[in-house]
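Engineer: One structure is given below, represented as structure tokens, and several questions about it will come after.
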Amino acid sequence: MKFYSIGSLNIDYVYSVDHFVAPGETMSSEKMEIFPGGKGLNQSIALSKAGADVVHGAVLGNDGAFLAEVMEKAGVDVSKIKKIDAPSGHAIIQVNKAGQNCILLFAGTNHALDKKYVEDFLADAKEGDTVLLQNETNCLDVIFEIAHAKRLQIAFNPSPFNDVIKTLPLQYVNWWFCNEIEGEALFGSDDPETIADNFIKKYPESNLILTLGKNGSIFKNKDFQLYQPIIDAPRVDTTAAGDTFTGYFLNSVASGKDFATALKTATKASSIAISRKGASVSIPTADEVII
């Protein structure tokens, strides 16, 4: 089974500042660092490090060539990434003395997908393969329809959440990866049990993985409801925790593991990720995730 991950690739420009820039103010930063970013990049790397066969789909500008190199070094097939002469997606991030951040996003080439690219990208996908998506690219409606027509599994992380998500053919989704905020927006409650119950009433043939931060995670489908507590770890940087969880859970299920084992494996992997600084560099390899 192969994973087709269509997702965002961002250049993160991180500026260390004394305080956030005020309107009309010009200020020098103390340091500037550049990091690979984007939920799509993190999820593909997590899948690959977990042991999955994953190919990444995206459009990338010339300024973002190093993003493809980072994924390729992690074992992701990047041969289908399209290069164009346009700015890549990026984020301008101010980090103040207290460690708080202020982020300005630019979608760039993440919003340059089109129907032909999606058709070409999924041309070799076979029934039972999985398409992994999140809400940082355009063309999601097209991807949903093409993937469903080819009888592919659809795994969807509706993040960042906006009203566009509710216009998608969500009945096609096989695997939902939501946090409490997304769960409340989609299923009308801030109570995890109610979110799970409302989910299964609306999508009885789908699977929900609901992450609850320090309160663990829930798996729900029409046959099972499982709970997994967190695995304690130092909280250094939580940036890639959710993406790590998603990649490791999906690979565990694809490898034939039961849902309880998949939950525990994903939880262990994300606990390692949050104990390290950085996003994609914090994602553990499979031999580190021993349960």
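Engineer: Looking at segment 58-116, which of the residues that are crowded, with 18+ Cβ neighbours inside 10 Å, at pLDDT below 95 and among the hydrophobic types (A, V, I, L, M, F, W, C) is nearest to ASP141 (Cα to Cα)?
Structural biologist: Applying the filter and picking the extreme gives ILE93.
Engineer: Test PHE156 against the stated conditions and say whether it is under 18 Å from the mean Cα position of the chain (by Cα) and farther than 19 Å from GLN43 by Cβ.
Structural biologist: Numbers: under 18 Å from the mean Cα position of the chain (by Cα): yes; farther than 19 Å from GLN43 by Cβ: no.
No: the conditions fail for PHE156.
Engineer: Still on this structure: From the residues in segment 79-110 that are in a strand (DSSP E or B) and polar (S, T, N, Q), which one is farthest from PRO160 (Cα to Cα)? So that I can check it myself, show each step before the final result.
Structural biologist: Looking only at segment 79-110, we keep the residues that are in a strand (DSSP E or B), and these are 82-84, 89-95, 101-106.
Then drop every residue that is not polar (S, T, N, Q), which leaves 94, 101.
Values: GLN94: 20, ASN101: 17 Å.
Checked segment 79-110; the qualifying residue farthest from PRO160 (Cα to Cα) is GLN94.
Engineer: For segment 16-54, give me each residue that is in a strand (DSSP E or B), surrounded by fewer than 24 Cβ atoms within 10 Å (Cβ to Cβ) and β-branched (Val, Ile, Thr). Let's see the steps before the verdict.
Structural biologist: Filtering segment 16-54 for residues in a strand (DSSP E or B) gives 16, 31-37, 54.
Of the ones still in play, those that are also surrounded by fewer than 24 Cβ atoms within 10 Å (Cβ to Cβ) are 16, 31-36.
Matches in segment 16-54: ILE34 only.
Engineer: Checking the structure you have, find out if any residue of segment 171-193 is closer than 17 Å to ALA260 by Cα and part of a helix (DSSP H, G or I).
Structural biologist: Filtering segment 171-193 down to residues closer than 17 Å to ALA260 by Cα leaves 175-177.
Next cut, part of a helix (DSSP H, G or I) only: none.
Taking every residue of segment 171-193 in turn, none turns out to be closer than 17 Å to ALA260 by Cα and part of a helix (DSSP H, G or I).
Engineer: Right, something else. Looking at GLU180, GLU184, GLU193, GLU145, which is the one that is among the acidic types (Asp, Glu) and either touching a residue at least 40 places away in the same chain (Cβ under 8 Å) or closer than 24 Å to PHE121 by Cα (or both)?
Structural biologist: Testing whether each residue is among the acidic types (Asp, Glu) and either touching a residue at least 40 places away in the same chain (Cβ under 8 Å) or closer than 24 Å to PHE121 by Cα (or both) leaves just GLU145.
Engineer: Are any residues in segment 225-242 more than 16 Å from the chain's Cα centre (by Cα) and modelled with pLDDT of 90 or more, and if so, which ones?
Structural biologist: The answer is GLN225, LEU226, TYR227, GLN228, PRO229, ILE230, ILE231, ASP232, ALA233, PRO234.
Engineer: For the list (1) surrounded by fewer than 19 Cβ atoms within 10 Å (Cβ to Cβ); (2) under 18 Å from the mean Cα position of the chain (by Cα); (3) within 25 Å of TRP176 (Cα to Cα), I need the number of the one condition that GLU127 fails.
Structural biologist: Unmet condition: (2).
Engineer: Looking at segment 1-15 only, could you name the residues that are under 22 Å from THR238 (Cα atoms), surrounded by 24 or more Cβ atoms within 10 Å (Cβ to Cβ) and among the aliphatic types (A, V, I, L, M)? Reasoning before the result, please.
Structural biologist: Here is the first cut: in segment 1-15, the residues under 22 Å from THR238 (Cα atoms) are 5, 7-15.
Then keep just the ones that are surrounded by 24 or more Cβ atoms within 10 Å (Cβ to Cβ); that gives 5, 8-10.
Passing the criteria: only LEU9.
Engineer: Looking at segment 220-266, which of its residues are polar (S, T, N, Q) and surrounded by fewer than 24 Cβ atoms within 10 Å (Cβ to Cβ)?
Structural biologist: Within segment 220-266, ASN221, GLN225, GLN228, THR238, THR239, SER255, THR261 meet the criteria.
The values are calculated or read from the model by the stated rules, or taken from the named source; none is laboratory data. Quick caveat, the model's predicted, so the values are computed rather than measured. As a convention, Cβ positions derive from the backbone with ideal geometry for all residues, glycine included, and neighbour counts pool all protein chains shown.
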